[in-house]
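Single-structure report; data block below.
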Amino acid sequence: NVSGGGGGGGGRIALGGGAGLLITIVALFFGVNPGDLLGSGGPAPGASSDAAQIQQQLDSCTYEMANENTICRIKATTVSVDSVWSDLWPEYKPPQTVVFADAVNTGCGSASSATGPFYCPADSTAYFDPTFFAQLRRMGGSDGPLAQEYVVAHEYGHHVQNLTGALAKGQRMGSQGPRSGSVRVELQADCLAGVWAHHADDGPDALLAPITEDQIASVIQTAKAIGDDTIQGPGSNPEGWTHGSAAQRTRWFTIGYQAGDPNRCDTFATDDL
């Protein structure tokens with residue numbers, strides 16, 4: 001499944017089929033700084049139970065293994081996202097990434113797998129429990145490669161926002177409502193994930209094999225499925241939105257993917273979200 005060349009001689013991540021996605025998930029999906037939803041104080045239960053095993057797996061990863069192994073795919077995607085952002089923005093400084101099982105202590109408090117993937121600005125770290133992707137499948141979604149990579153790229157988008165000050169700006173603008181700071185932050189992270197996808201399969205050192213239209217369509221369908229209005233269902237109240245509607249999330253990922261230009265991702269410069 002690995003195409004020739006790229007990845008510093010290690011091959012590219014060959015993305016799987018572009019099956020459609022239908023995902024219903026909690027509002028924390030692709031979250032940032034879960035705040036009071038994360039506990040404070042003592043060790044998170046089970047925080048280190050599988051840490052050694054996960055680290056051993058991470059240490060043994062190759063790019064070829066990323067085609068079949070979720071933990072290695074997370075690691076390979078972080079390498080790709082770091083590479084893209086380092087090329088686009090010389091001031092970029094990579095975040096830390098923690099792959100955990102069950103629970104983890106963070107600079108934002110303790111978190112469990114139920115929190116979903118998230119980025120903590122207090123310690124500049126993105127957190128992923130790989131079992132989350134199986135949860136998506138059980139809920140009728142997909143744990144396909146590009147869907148997983150989209151999750152990683154979105155959380156790294158929050159790190160870019162932390163570096164640029166956009167994250168702090170959004171937090172000052174409020175956490176709920178159709179034009180709230182939270183919605184603007186999440187839509188911008190979707191757009192920045194699209195920017196990564198635009199560049200991820202370019203050049204001789206790209207880690208990804210060429211992305212197909214079907215694979216992009218699967219991400220678009222994911223964005224629709226995790227919109228606030230989709231999650232809330234009939235009678236959705238925009239005043240309670242925190243991440244943006246299905247149409248908004250789709251629109252901003254598409255803007256980033258088509259343009260490949262992070263300057264097109266300024267969700268703070270418009271009320272036409």
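The values are calculated or read from the model by the stated rules, or taken from the named source; none is laboratory data. Fair warning: this is a prediction, and the values are worked out from it, not measured in the lab. Virtual Cβ from ideal backbone geometry, glycine too; neighbours counted across all protein chains shown. All accessible areas refer to the heavy atoms of the entire protein, side chains included, with ligands and DNA or RNA removed. Shrake-Rupley method; radii C 1.70, N 1.55, O 1.52, S 1.80 Å.
Worth a mention:
- The residue of region 243-273 that is modelled with the lowest pLDDT, among those that are part of a loop (DSSP other than H, G, I, E, B), of a type in the set (S, T, N, Q) and surrounded by 19 or more Cβ atoms within 10 Å (Cβ to Cβ), is S245.
- Subset of region 98-125 [in contact (Cβ under 8 Å) with a residue 40 or more places away in the chain, assigned to a strand (DSSP E or B) and either more than 30 Å from G260 (Cβ to Cβ) or not aromatic (F, W, Y) (or both)]: V99, A103, V104, N105, T106, G109, S110, A111, S112, C120
- Tabulated pairs, region 261-273, first farther than 12 Å from Q188 by Cβ, second surrounded by 14 or more Cβ atoms within 10 Å (Cβ to Cβ), C-beta under 8 angstrom, 6+ apart or interchain: D261/V195; D271/R179
- Yes/no for T131 being within 25 Å of A103 (Cα to Cα), within 18 Å of the chain's Cα centre (by Cα) and open to solvent by 30 Å² or more (accessible area, probe 1.4 Å): yes
- Residues in region 56-86 that are modelled with pLDDT under 80 and of a type in the set (S, T, N, Q) were compared, and the one that is farthest from V98 (Cα to Cα) is T62.
- Region 195-223 - residue that is touching a residue at least 12 places away in the same chain (Cβ under 8 Å) and charged (D, E, K, R) and, of those, least open to solvent (accessible area, probe 1.4 Å): D201
- Filter result (surrounded by fewer than 20 Cβ atoms within 10 Å (Cβ to Cβ) and among the basic types (K, R)) within region 152-194: K169, R172, R179
- Residue count, region 224-242 (criterion: open to solvent by 40 Å² or more (accessible area, probe 1.4 Å) and either β-branched (V, I, T) or in contact (Cβ under 8 Å) with a residue 40 or more places away in the chain (or both)): 4
- Residues in region 35-55 that are assigned to a loop (DSSP other than H, G, I, E, B) and modelled with pLDDT under 75: L38, S40, G41, G42, P43, A44, P45, G46, A47, S48, S49.
- Each residue in region 230-242 was checked for being assigned to a loop (DSSP other than H, G, I, E, B) and within 15 Å of R184 (Cβ to Cβ), and 2 of them qualify.
- You will find that of S83, S124, the residue that is within 20 Å of H199 (Cα to Cα), among the hydroxyl-bearing types (S, T, Y), under 17 Å from the mean Cα position of the chain (by Cα) and surrounded by fewer than 22 Cβ atoms within 10 Å (Cβ to Cβ) is S83 and no other.
- Taken over region 102-114, the criterion of being within 18 Å of H154 (Cβ to Cβ) and either at pLDDT 85 or above or open to solvent by less than 10 Å² (accessible area, probe 1.4 Å) (or both) is satisfied by T106, C108, A111.
- Residue within region 127-144 that is over 21 Å from H243 (Cβ atoms) and at pLDDT 90 or above present: no
- Checking each residue in region 188-234 for being over 25 Å from R73 (Cβ atoms) and among the hydrophobic types (A, V, I, L, M, F, W, C) picks out only I231.
- Contact map, region 63-88: first residue more than 11 Å from Y156 (Cβ to Cβ) and of a type in the set (K, R), second residue open to solvent by 10 Å² or more (accessible area, probe 1.4 Å) and outside any helix (DSSP H, G or I), Cβ cut-off under 6 Å, separation 6 or more or different chains; pairs are K75/C61.
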